[in-house]
Structure formats: C-alpha cells, structure tokens
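Peer 1: Sharing a structure, written as structure tokens. Questions coming.
The values are calculated or read from the model by the stated rules, or taken from the named source; none is laboratory data. Because the structure is a prediction, the values reported are computed rather than measured. Please note: Cβ atoms are built from the backbone with ideal geometry, for glycine as well, and neighbour counts cover all protein chains shown. With ligands, DNA and RNA removed, areas are computed over all heavy atoms of the protein, side chains included. Shrake-Rupley method; radii C 1.70, N 1.55, O 1.52, S 1.80 Å.
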Amino acid sequence: MKEKKSGYRWVVMALLFILYTVANADRANIGFALPYLRKEFAMSNTEAGAIISLFFAGYALMQIPSGFLVKKFGMRTMFSVGMLFTSLFTGMIGMANSAFTLKALRIGVGVAEAPVAIACTTAINNWFPAKEKGTASGIFLAGSKVGPLIVPPLCAWIISVWGWREIFYAFMVPGLLLSIVWYLMVTNKPADSRFVSAAEAEYIADTSVAQKEEKKREYKLWWVDKLVRAQKVNLLTNSSQVFKCWDIYGAAIGYFFMVGIVSVLMSWLPTYLVTVKQFAIMKTAFVSSAPFAGTVAGNFVGGWVSDNILNKRRKPMMMVTALSTTIMMYSLINAPADATLLAILLFATGFLLALGYSAFMAYPMGRVNKESYPVAFSIVNTGGQLGGAGAPLFVGMILDKFNWDAVFLALAIGSFICLAVVATIVEPVEDPVART
C-alpha cells in the first residue's frame with residue numbers, strides 16, 4: 001500500500017505567516033507611535049525620517065552576513081535567535097528616555113531581524129517544491145503586510161488606554177514565545193522532521209513521477225516569454241557566481257524601490273493622515289490599514305498567478321507591479337479628502353503593489369541552487385532594505401523643503417525606474433516558449 005503524503009509543509013507555512021506577521025508588526029509600530037515620539041523628543045521631519053530609516057539601515061547592513069550565517073548554521077537556529085532578539089529590542093524601545101537611545105534601539109531591531117527574513121525565505125525554498133514556491137512566497141509576504149494591517153487599530157487602542165511606550169511592551173511578548181515554538185517544530189530539511197512522511201519529503205524534493213508528468217503541462221503564452229526575455233540558463237551553484245550575476249543585482253535594485261515605497265506607507269502614512277487630512281486617531285487607524293489590507297490580497301493573488309498561470313515565471317508580475325505602482329503613486333497627488341474614498345484608493349494601491357512583491361523573493365529560487373539561495377536572496381534583500389532605509393529619510397527631507405505632492409511624485413518616479421531595471425534581467429525557465 002502506498003504511503004499517504006503528509007501535509008506538514010503547510011503547518012510550517014502557517015508558522016511562517018504568523019511569525020512574519022509578528023516581525024513586521026515589530027517594525028511597523030514605530031509609524032503609529034511617531035507623532036507621539038516627535039512631541040516627546042522634539043524632532044524635525046528629517047530627524048523623524050532618520051528614526052524610521054535606522055531600522056532599515058541595520059537590517060540592510062546585516063543581510064549578506066545573515067545569508068552566510070543561515071548557510072552555515074541553518075535557518076532553524078538563525079530564525080529563532082533573530083526573532084528572540086528582535087522582540088527584546090522592541091520591548092526596550094518602550095524604555096527609551098532620549099532620542100539617542102531610541103535611535104540605537106531601532107538599529108538593534110534591524111540588526112536582530114536581518115536573519116529572520118533570510119531564514120524565512122530559505123525555509124520556503126527548502127520546504128516547498130518548485131510548483132508551490134510562488135504561492136508559498138505570496139502567503140509568506142502576505143504575513144508581512146498583515147503586521148502593518150493590525151498595527152494601526154491595535155496601537156490606537158493601546159495609546160488611548162495607556163500610552164506610546166506600552167505599544168512596544170505589548171509587541172515584545174508574541175515574538176519571544178514564537179521563537180521557541182519555531183525551534184521545536186521546524187527542522188532545516190523536511191526529511192529530518194518526524195512530522196513529514198517519506199511521500200511528502202519526496203514530493204518536496206520534486207522527484208515524484210506524478211509531479212514530473214505535471215510539469216509537462218502545455219504553456220502557450222509565447223508573447224510573455226518574449227516580453228520578459230525568458231531563457232534557459234544554468235543554475236548558479238556557488239557564492240562567487242552569485243556575486244557576479246547581473247540578474248541578482250537587477251532584482252535587488254528593483255526591490256530597492258518597492259521596499260522603499262512600502263516603508264514610506266508603513267511609517268509616514270499615519271503622519272500624512274493626521275497632519276494633511278486632519279483625521280482623528282481612529283479614522284487614521286482605519287485608513288492607515290487600507291493599503292496593507294490590499295497587499296495581503298495582492299500577495300495571495302500574485303503568488304498564485306505566478307505559479308499557476310505563468311508557470312513559475314516571476315518577472316511578469318514584477319513588471320506589472322512596477323508599472324501599476326507608478327500610476328497609483330502619481331494618483332495620490334490628488335487623493336480624496338473623504339476617508340472612505342481614500343481608503344479604497346489606498347487599498348487598490350496596496351493590492352497592485354503586492355501582485356509582484358513576492359516575485360522578487362521567488363526570483364532567485366529559479367536562478368540559483370538551494371545551497372546558494374541564502375546568499376542570493378541576501379543580496380536582493382540588501383537592495384530592498386537599503387531602499388527601506390533611504391526612502392523614509394528622503395521623505396522627511398522632501399517634507400522639510402516641499403510638500404506631500406513632491407513626495408508622491410518622487411515615489412512614482414522611483415517605481416518607474418524599478419520597471420526599467422527589472423526589464424533588463426533574464427527570466428530563467430526550463431523551456432522558453434517560441435511562437436509557432
């Protein structure tokens with residue numbers, strides 16, 4: 001009798017979703033607390049932008065070292081260690097008594113969280129077959145947007161009952177507990193887990209006959225392959241090859257602009273709604289959540305389309321996101337004053353931005369082997385987090401000299417540059433489709 005295939009990889013996926021939701025809530029809560037921090041510590045727009053950017057600076061600085069650490073010690077250990085210290089530094093922000101201490105702790109949160117992202121993506125690469133990686137990446141990155149989605153209403157309630165410091169105490173606890181749960185329940189490789197059947201391990205390894213036959217499904221979108229420069233390429237097998245590959249750097253540059261835009265929405269949107277739209281705290285919380293509700297839906301849809309409609313091609317959705325985000329950022333220059341209409345516009349912005357967001361993470365999975373993936377994604381994510389570090393500071397500088405119209409125009413230009421750069425990279429496929 002044939003052994004039944006277990007589905008434990010989806011339990012791992014659920015843990016990834018929950019844990020990355022918590023990790024992103026830890027980084028997003030500063031945005032809602034920012035107006036109150038500025039009152040207590042007397043900051044300019046540029047200084048406030050620097051507070052936000054310091055997280056991403058520490059995060060970006062540790063991406064490539066984290067890639068090598070995950071490669072050496074395994075994603076299981078590095079995830080738990082990173083999540084543990086992320087939570088501790090988050091709680092300590094509530095104890096800050098000066099702007100300098102606040103800045104130091106924000107860097108600490110960024111440094112601590114760096115291995116978490118690399119370990120998460122490595123877990124997806126190890127625990128899912130190629131045909132499910134886009135969907136898994138979409139679900140995972142949906143978790144990254146659920147964090148900012150729940151932060152505004154939760155922070156608004158905590159502030160109204162206690163104060164801004166209690167935000168960080170409350171957000172510390174889940175990560176501490178979940179870092180232990182992860183270590184106990186997830187192994188570096190599926191085959192080493194007592195919860196995974198031999199049939200599921202074979203399925204994940206992509207060796208089953210049924211799966212090989214399924215890969216032969218006819219794919220007819222020849223015009224997509226022509227548009228995205230689909231080519232059969234050899235997998236990169238070592239760090240030296242990865243560091244010499246333009247495709248990895250091109251994805252990193254594109255991700256620079258996308259993460260930069262997300263970090264601005266996460267950190268500056270509440271301030272924009274309070275100061276420009278003059279919304280009350282609960283209305284601000286409602287509208288601030290809208291783009292991240294959109295990104296949750298967009299990540300699910302984009303990952304599924306990438307796997308099932310585009311047959312594991314990642315670049316098309318990256319280009320769709322870059323083009324549509326250009327349009328949406330420009331449209332925010334004339335954003336409506338009505339809270340409901342603005343929330344709808346921001347939901348659409350988040351949805352379109354997220355369609356190809358997970359593809360930046362999944363793209364290196366098709367370009368390098370599993371052993372080199374942590375290093376490859378660390379380069380891509382370094383680019384992204386440098387964007388996350390620079391964009392909030394850049395917005396603060398713009399606001400000290402100009403206004404929010406200039407901010408949205410700058411973000412639109414950045415998204416268009418992303419489109420131009422992503423267009424230059426190769427789409428790695430097994431068999432490019434030619435026009436017949």
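Peer 1: Need the failing condition index for residue 164 against (1) among the aromatic types (Phe, Trp, Tyr); (2) touching a residue at least 60 places away in the same chain (Cβ under 8 Å); (3) open to solvent by 50 Å² or more (accessible area, probe 1.4 Å), just the number.
Peer 2: Among (1) among the aromatic types (Phe, Trp, Tyr); (2) touching a residue at least 60 places away in the same chain (Cβ under 8 Å); (3) open to solvent by 50 Å² or more (accessible area, probe 1.4 Å), the lone unmet condition for residue 164 is (3).
Peer 1: Can you give me the number of residues within region 270-289 that are open to solvent by 10 Å² or more (accessible area, probe 1.4 Å) and either at pLDDT below 80 or among the hydrophobic types (A, V, I, L, M, F, W, C) (or both)?
Peer 2: 7
Peer 1: Also, I was wondering about something else. Quick one: how many residues across region 233-254 are over 21 Å from residue 318 (Cβ atoms), open to solvent by 50 Å² or more (accessible area, probe 1.4 Å) and touching a residue at least 60 places away in the same chain (Cβ under 8 Å)?
Peer 2: Qualifying residue count, region 233-254: 4.
Peer 1: Here's a follow-up. Test each condition in (1) open to solvent by less than 30 Å² (accessible area, probe 1.4 Å); (2) free of Cβ contacts under 8 Å to residues at least 24 places away in the same chain for residue 392 and report the one that comes out false.
Peer 2: It is condition (2) that residue 392 fails.
Peer 1: Moving on to the next point. I'm trying to understand the selection: among the residues of region 3-48, which are farther than 23 Å from residue 201 by Cβ, open to solvent by 50 Å² or more (accessible area, probe 1.4 Å) and part of a helix (DSSP H, G or I)?
Peer 2: Selection gives 18, 36, 38, 39, 40, 47.
Peer 1: Quick check: anything in region 420-434 over 18 Å from residue 247 (Cα atoms), out of contact with any Asp or Glu (no Cβ under 9 Å at 6 or more places or on another chain) and open to solvent by 30 Å² or more (accessible area, probe 1.4 Å)?
Peer 2: Checked against the condition, which is being over 18 Å from residue 247 (Cα atoms), out of contact with any Asp or Glu (no Cβ under 9 Å at 6 or more places or on another chain) and open to solvent by 30 Å² or more (accessible area, probe 1.4 Å), region 420-434 yields at least one hit.
Peer 1: May I ask you to list the residues in region 330-364 that are open to solvent by 10 Å² or more (accessible area, probe 1.4 Å) and not in a helix (DSSP H, G or I)?
Peer 2: Scanning region 330-364 gives 335, 336, 337, 338, 355.
Peer 1: Which of the residues that make up region 167-209 are farther than 13 Å from residue 87 by Cβ, in a helix (DSSP H, G or I) and open to solvent by 70 Å² or more (accessible area, probe 1.4 Å)?
Peer 2: Once the filter is applied, which keeps residues that are farther than 13 Å from residue 87 by Cβ, in a helix (DSSP H, G or I) and open to solvent by 70 Å² or more (accessible area, probe 1.4 Å), region 167-209 yields 183, 184, 191, 192, 202, 209.
Peer 1: Among what's in region 56-72 and is aromatic (Phe, Trp, Tyr) and either in contact with a Pro (Cβ under 9 Å, 6 or more places away or on another chain) or at pLDDT 90 or above (or both), pick the residue that is surrounded by the fewest Cβ atoms within 10 Å (Cβ to Cβ).
Peer 2: Across region 56-72, the extreme among qualifying residues is 68.
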